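Trainee: There's a structure below that I have some questions on.
The values are calculated or read from the model by the stated rules, or taken from the named source; none is laboratory data. This is a predicted model, so every value here is computed, not measured. Here the Cβ positions follow ideal geometry from the backbone for every residue, glycine too, while neighbour counts run over all protein chains shown. Surface areas here come from the heavy atoms of the whole protein model, side chains and all, with no ligands, DNA or RNA. Shrake-Rupley method; radii C 1.70, N 1.55, O 1.52, S 1.80 Å.
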Amino acid sequence: MPGFDVSKFHQLGKKIVGAGLNYKSLLKEKGFPEPKEPVIFVKPTSTYLLEGSPIIIPKGYDVFNEIELGVIIGRKGKDIRAEEATRYIGGYCLALDLTAMNILNEHRKEGLPWLVSKGFDTATPISAPVPAACLPDPPAARLWCCVDGRLRQDDRICGMIFSIPRQLAFMSKNMTLEPYDLILTGSPAGVGPIKQGNVIQGGLEDILSINFNVC
Ligand SMILES: O=C([O-])CC(=O)C(=O)O
Ligand SMILES: [Mg+2]
């Protein structure tokens, strides 16, 4: 994409918009109905964590792994049409949308926002980014996550309920998407607790990989 350098993502990363409950496999696992529209939330940029730094679990937080394909926005867009959405994608990364599930479950029951469960420091570990051209066919790609070498999550991007173009269209009706925003596109089944000493690894085909320690 002209004028967009995805390698600057780690310095210039802007808002983080997540789509939750977006994989058929996850909803089956949780016994939740499919949402009629994308369920979206924002994470603070202070949650970003780069490889080499450890995940820190706050006391009393039951933090769960959530591997996700991250879409890095490459150009400003408002009211993006799903048919044109790929033109706004500047690159991809892998991310862990770490979530304090004990807190989220309580807040969900009470109809409260998700910020506390998803907004703690180190809650968004991210991989190195790649340009959009490195992933020509996202739906066909396999996404996986291991904890201490044991496979927990393994699904294809086509297991999403709302495709990446539909997510960008929905989000950009509500808010302008800007270069270096990160869209977290939802996590497949297999989320579970992580604890001090765990090693979390994930991948998308042989295109993206992520590796973090929990301290
Ligand atoms: O944590 C949750 O239950 C919602 C979420 O972010 C996801 O499904 O990826
Ligand atoms: Mg998530």
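Trainee: Taking square-rooted eigenvalues a ≥ b ≥ c of the alpha carbon gyration tensor, is the chain rounded, prolate or oblate, where a/c under 1.5 means rounded and, failing that, a/b exceeding b/c means prolate?
Mentor: Rounded.
Trainee: Normalised by the number of residues in the stretch 107-161, what is the relative contact order in percent for Cα pairs under 8 Å and 6+ residues apart?
Mentor: Answer for the stretch 107-161 is 22 percent.
Trainee: Still on this structure, I have one more. Roughly how many percent of the accessible protein surface of the stretch 71-191 is carbon and sulfur, given a 1.4 Å probe and a whole-percent answer?
Mentor: Result for the stretch 71-191: 54 percent of the exposed heavy-atom area is carbon or sulfur.
Trainee: At a probe size of 1.4 Å, how large is the accessible area of Ser25, to the nearest 10 Å²?
Mentor: 40
Trainee: List residues of the stretch 42-75, by number, whose backbone nitrogen lies under 17 Å from a label position 7 Å along Cα→C-beta of Asn102.
Mentor: Hits in the stretch 42-75 for Asn102 at 17 Å: 56-65.
Trainee: If you don't mind, there's one more thing I want to ask. Please report the spacing between the Cα centers of the stretch 200-215 and the stretch 88-120 in Å, no decimals.
Mentor: Comparing the Cα centres of the stretch 200-215 and the stretch 88-120, I get a distance of 19 Å.
Trainee: Give, as a single signed number, the net charge of other residues whose beta carbon lies under 15 Å from the beta carbon of Phe41, with Lys and Arg counted +1 and Asp and Glu -1.
Mentor: That works out to -1.
Trainee: Take Met175, Met1 and sort them by solvent-accessible surface of the protein heavy atoms, 1.4 Å probe, largest at the top.
Mentor: Final ranking, largest accessible area leading: Met1, Met175.
Trainee: Compute, for the chain, the length of the dipole vector about the Cα centre, with Cβ point charges of +1 (Lys, Arg) and -1 (Asp, Glu) only. Units Debye, rounded to 20.
Mentor: Around 380 debye, computed over the chain.
Trainee: Excluding same-chain residues fewer than 8 positions from Lys43, which lysines have a Cα within less than 17 Å of its Cα?
Mentor: Hits, sequence-local ones excluded: Lys14, Lys15, Lys118.
Trainee: Same structure again: Leaving out ligands, DNA and RNA but keeping every protein chain, what accessible area does Asp154 have, in Å² rounded to the nearest 10, with a 1.4 Å probe?
Mentor: 80
Trainee: List every residue whose amide H lies under 5 Å from the amide H of Gln153, counting only residues 5 or more places away in sequence or on a different chain, with H placed 1.01 Å from N in the peptide plane.
Mentor: When sequence neighbours closer than 5 places are left aside, the close amide H contacts are Cys145.
Trainee: For the stretch 106-118, what does the Karplus curve 6.51 cos²θ - 1.76 cosθ + 1.60, with θ = phi - 60°, yield as ³J(HN,Hα) per residue in whole Hz, taken in order and with x for Gly and Pro?
Mentor: Coupling constants for the stretch 106-118: 4, 5, 4, 4, 8, x, 8, x, 8, 4, 4, 6, 10 Hz.
Trainee: What percent antiparallel are the DSSP beta bridges of the stretch 1-139, to the nearest 5?
Mentor: 85
Trainee: Per residue of the chain, what 222 nm ellipticity follows from adding -39500 (n - 2.57) for every DSSP H run with n ≥ 4, rounded to the nearest 500?
Mentor: Computed mean residue ellipticity for the chain: -4500 deg cm²/dmol.
Trainee: I'd like to check one number: the per residue accessible area of the chain, probe 1.4 Å, reported in Å² as a whole number.
Mentor: For the chain, the solvent-accessible area averages 45 Å² per residue.
Trainee: Taking trypsin sites (Lys or Arg not before Pro) that fall in a DSSP loop and have at most 13 other Cβ atoms within 10 Å as cut points, what is the longest piece of the chain between them?
Mentor: That gives 82-194 as the longest site-free run.
Trainee: Considering Cα pairs under 8 angstrom that are at least six residues apart, work out the relative contact order of the chain and quote it in whole percent.
Mentor: In percent, rounded to a whole number, it is 34.
Trainee: Okay, next question. Apply the Karplus curve 6.51 cos²θ - 1.76 cosθ + 1.60, θ = phi - 60°, to the phi angles in the stretch 30-38 and return the couplings in whole Hz, x for Gly and Pro.
Mentor: Using θ = phi - 60°, the values come out as 8, x, 9, x, 5, x, 7, 9, x Hz.
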